[in-house]
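The values are calculated or read from the model by the stated rules, or taken from the named source; none is laboratory data. Values in this document were obtained by computation on a predicted structure and should not be read as measured data. Virtual Cβ from ideal backbone geometry, glycine too; neighbours counted across all protein chains shown.
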Amino acid sequence: MERRLHTRHRARTAVYLLLPGGKRRLCKAVNLSATGVFLRTAGLGLRKGQQVSLAFAIDLGSVTKLHRRTAIVAHVSGGGTGLMMDAYAASR
């Protein structure tokens, strides 16, 4: 049974993951929704409940929008990391 409130869409965009301590990692988004994103990550040491910041561009055809969001690590698996974003309050 699907519990998501927002539809996930395949994503082919790079996401800058800003970690506590000022570290940045460039990751590939696998899928994206209004409130979540799944990133391919490896060996970042992320923990469930940890807060991170994201920066990514979405190509809308004639316009490309830059998004900055805070997110909480929802789960970490062998394939990557699921993040729950604050969809309505972009960090500036």
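Determine whether region 46-55 contains at least one residue that is surrounded by 14 or more Cβ atoms within 10 Å (Cβ to Cβ), aliphatic (A, V, I, L, M) and touching a Gly at 6+ places or on another chain (Cβ under 9 Å). Looking for residues that are surrounded by 14 or more Cβ atoms within 10 Å (Cβ to Cβ), aliphatic (A, V, I, L, M) and touching a Gly at 6+ places or on another chain (Cβ under 9 Å), one finds none in region 46-55, hence no. Looking only at region 5-22, residues that are surrounded by 10 or more Cβ atoms within 10 Å (Cβ to Cβ), under 19 Å from I72 (Cβ atoms) and modelled with pLDDT under 90 come to 4 in all. Just a yes or no: is a residue in region 76-89 within 21 Å of R8 (Cβ to Cβ), out of contact with any Cys (no Cβ under 8 Å at 6 or more places or on another chain), part of a strand (DSSP E or B) and among the aromatic types (F, W, Y)? Within region 76-89 (the criterion being within 21 Å of R8 (Cβ to Cβ), out of contact with any Cys (no Cβ under 8 Å at 6 or more places or on another chain), part of a strand (DSSP E or B) and among the aromatic types (F, W, Y)), the answer is no, since none of the residues qualifies.
Yes/no matrix, rows are residues, columns are (1) touching a residue at least 60 places away in the same chain (Cβ under 8 Å); (2) in a loop (DSSP other than H, G, I, E, B); (3) among the hydrophobic types (A, V, I, L, M, F, W, C):
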residue	(1), (2), (3)
R25	no, no, no
L39	no, no, yes
G45	no, yes, no
L66	no, no, yes
